[in-house]
Amino acid sequence: MSEFTDKQRQELVDVLLTVEASEGYMRACDRADAARYGWTRPRASPLTVRLETASLILRALLTTTPEPTSTTRQETPE
């Protein structure tokens, strides 16, 4: 994997913020459903789970530093 350009990184951040906002909205909907149906705990909808997974993947992409693509050969003493 290569390093992201500043523009690519900003686009990933924008997508992450959108995903996290959507995830927050879906969690609120899950809590509302729990209150409406008398569940003791909110149940995560499939969309909430997918948004949470997308958020984790995007965060990992943004925080992982790529490994160097070129390696330098070190001379070993004889």
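The values are calculated or read from the model by the stated rules, or taken from the named source; none is laboratory data. Not measured: the values here are computed from a predicted model. Here the Cβ positions follow ideal geometry from the backbone for every residue, glycine too, while neighbour counts run over all protein chains shown.
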Item checked: Selection count, the stretch 23-49, where residues are surrounded by 15 or more Cβ atoms within 10 Å (Cβ to Cβ) and part of a helix (DSSP H, G or I) -> 5
Note to self: Checking the condition within 27 Å of GLU3 (Cβ to Cβ), part of a loop (DSSP other than H, G, I, E, B) and either at pLDDT 90 or above or over 21 Å from the mean Cα position of the chain (by Cα) (or both), which residue from SER70, SER55 passes?
What the structure shows: SER70
